[in-house]
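The values are calculated or read from the model by the stated rules, or taken from the named source; none is laboratory data. Computed from a predicted model, the values in this text were never measured in an experiment. Neighbour counts run over all protein chains shown; Cβ positions are idealised from the backbone, glycine included.
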Protein chains: 2
Amino acid sequence: MLTKAETWLKNALDYEFNDVRLLELSLTHRSVAGDNNERLEFLGDAILDFVTSEVVFRAHPLAPEGDLSRLRSSLVKDTTLAEIAADLGLGEHLILGSGERKTGGHRRDSILADALEAIFGAVYLDAGFDAATKVIERAFGARLQNFPPADELRDAKTRLQEWLQARQMGLPSYELVEVTGQAHRQQFSVSCSVSGVELTTNGSGTTRRNAEQEAATIMLAHLAESDIE
Amino acid sequence: MLTKAETWLKNALDYEFNDVRLLELSLTHRSVAGDNNERLEFLGDAILDFVTSEVVFRAHPLAPEGDLSRLRSSLVKDTTLAEIAADLGLGEHLILGSGERKTGGHRRDSILADALEAIFGAVYLDAGFDAATKVIERAFGARLQNFPPADELRDAKTRLQEWLQARQMGLPSYELVEVTGQAHRQQFSVSCSVSGVELTTNGSGTTRRNAEQEAATIMLAHLAESDIE
């Protein structure tokens, strides 16, 4: 007879473990005394990186390496994995220490993401590479087909720079205009200018980087607009 | 007839490509106009991470995840890969732009490491996972069997903290004592103390982190010594 977790996994990902102890271990958080899923997560994380690398590599035959990296990151980041785990209903099968259980650990993103990776690692140990790949593909479903445009994953400063380079224009420069507010609550104001372009744009944010991103976004919007004309 | 690079690869790693263009591409640095090995490197890096993850996972059945990560890092870091590539004589088969060629690019660690990873990726595309695994195992040779003790891979601050925690002692604290020298040539001096321990140790270095590592190393040596007595 199947345990509750086995039945869940069969329904959710169409997989049955030969060695059910691997399933149990992959669901066991480190807040439980004794063995936990951290080693399996280590292995599963590496398999997942590899499988998603191949998917983005084949899906984007012309994309440069930087775009492939960004696409892969968007797939394997904790929030994506936690979303998948939550959709699958993994949370209620987690084995947590009493502290984690009381404070809602079965809903915590990092715990969900880690357990999902641990399951991938456990399937690999249980039945090999092809089985693990299939389980990963089932878990991700349409997420492996419908990518966001690689371009959108780039930050504004990078996009601005690439836009200018493609037109053999000068590089943007950012200057800190002002810092206001006390420590830990500072507000940065930054200007962005491009040699040969009259316009200067301004951005602000709680970090210098955020302020620069905003200034770059506005500069890019202005340039793209005047480019069309 | 085999090209020079094909003959080299057959001798060095006992592999013959079905599609020799993949070999050529994997040896082509981005300093050359047109296609280069960056996409193959992206894929090869992921395969290598996975294969080495499994090796350390199986070789150290009791090691915690942190030790596995450190062991894997020691295998896949650029300096290790460049060392392997140099041992194999990969450098003379690199296809470099003229600028890189003139400035000794065929000996540069990062270029050697990237090309080796690209070869792993190319073999995977050419003949699949098992073939890539075999080529990785041949390239690494004894390096996959003889690991440094996981303990040695931990940095001194981490080892000091673990040593103290194991004895339920207080945590170490680091204090910046002095910064001398002008920008870009600064020298940091840092002290390390542990509550309940009379001794204070000092370290110095060109970064604050290096100075802390030195102070931690000395503290650890003193504590370990007095522990034996």
Checklist entry - So which residues in the range A:61-93 are more than 30 Å from B:L125 (Cβ to Cβ) and polar (S, T, N, Q)? => result A:T79
Next on the checklist: away from chain B (no Cβ under 14 Å), hydrophobic (A, V, I, L, M, F, W, C) and more than 18 Å from the chain's Cα centre (by Cα): is that true of A:L94 in this structure?
Outcome noted: yes
Item to check | Tally, over the range A:129-158, of residues that are part of a loop (DSSP other than H, G, I, E, B) and at pLDDT 95 or above | outcome: 0
Next on the checklist: Suppose the filter is over 24 Å from the mean Cα position of the chain (by Cα), of a type in the set (A, V, I, L, M), at negative phi and in the same structural domain as A:R39 (by TED's automatic domain parsing); does A:A127 pass it?
Outcome noted: yes
Checklist outcome for this item: Checked the range A:160-207 for anything under 17 Å from A:S226 (Cβ atoms) and touching a strand residue (DSSP E or B) at 6+ places or on another chain (Cβ under 8 Å); matches are A:L160, A:L164, A:M169, A:G170, A:P172, A:C192, A:S193, A:V194, A:S195, A:L199, A:T200, A:T201
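Looking at A:T207, A:T201, can you tell me which residue is at pLDDT below 90 and not assigned by TED's automatic domain parsing to the domain that holds A:E65?
A:T207 is the lone residue from the list that is at pLDDT below 90 and not assigned by TED's automatic domain parsing to the domain that holds A:E65.
Residues in the range A:8-15: is at least one farther than 30 Å from B:R30 by Cβ, in the same structural domain as A:F129 (by TED's automatic domain parsing) and at pLDDT below 95? Quick ask: steps written out before the conclusion?
Of the residues in the range A:8-15, the ones farther than 30 Å from B:R30 by Cβ are A:8-15.
Still in the list and also in the same structural domain as A:F129 (by TED's automatic domain parsing): A:8-15.
Still in the running and at pLDDT below 95: none.
No, the range A:8-15 contains no residue that is farther than 30 Å from B:R30 by Cβ, in the same structural domain as A:F129 (by TED's automatic domain parsing) and at pLDDT below 95.
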Checklist entry - For the range B:164-175, does any single residue satisfy the condition of being within 21 Å of B:R72 (Cβ to Cβ), aliphatic (A, V, I, L, M) and assigned to a helix (DSSP H, G or I)? => result no
Checklist outcome for this item: So, first residue over 20 Å from B:R72 (Cβ atoms) in the range A:27-56, second residue assigned to a loop (DSSP other than H, G, I, E, B), Cβ within less than 6 Å, six or more apart or across chains; the pairs are A:L27/A:L94; A:T28/A:N36; A:T28/A:N37; A:H29/A:L96; A:S31/A:L96; A:S31/A:G97; A:V32/A:G97
Checklist entry - Which of (1) of a type in the set (A, V, I, L, M); (2) more than 16 Å from A:F120 (Cα to Cα); (3) away from chain B (no Cβ under 13 Å) does A:L23 not meet, given it meets every other one? => result (2)
Item to check | Residue list for the range B:194-217, filter: out of contact with any Lys or Arg (no Cβ under 8 Å at 6 or more places or on another chain), surrounded by 17 or more Cβ atoms within 10 Å (Cβ to Cβ) and under 13 Å from B:L160 (Cβ atoms) | outcome: B:V194, B:V197, B:T201, B:G203, B:E214, B:A215, B:T217
Next on the checklist: Step by step: first the residues of the range A:31-59, then only those that are at the interface with chain B (Cβ under 9 Å from one of its Cβ atoms), farther than 30 Å from A:I95 by Cα and not aromatic (F, W, Y), then the one that is surrounded by the fewest Cβ atoms within 10 Å (Cβ to Cβ). Which residue is that?
Outcome noted: A:E54
Checklist outcome for this item: Scanning the range A:193-215 for residues that are in contact with a helix residue (DSSP H, G or I) (Cβ under 9 Å, 6 or more places away or on another chain) and in a helix (DSSP H, G or I), the one farthest from A:R159 (Cα to Cα) turns out to be A:R209
Item to check | Search result, residues across the range B:11-54 that are within 26 Å of the chain's Cα centre (by Cα) and of a type in the set (D, E, K, R) | outcome: B:D14, B:E24, B:R30, B:E38, B:R39, B:E41, B:D45, B:D49, B:E54
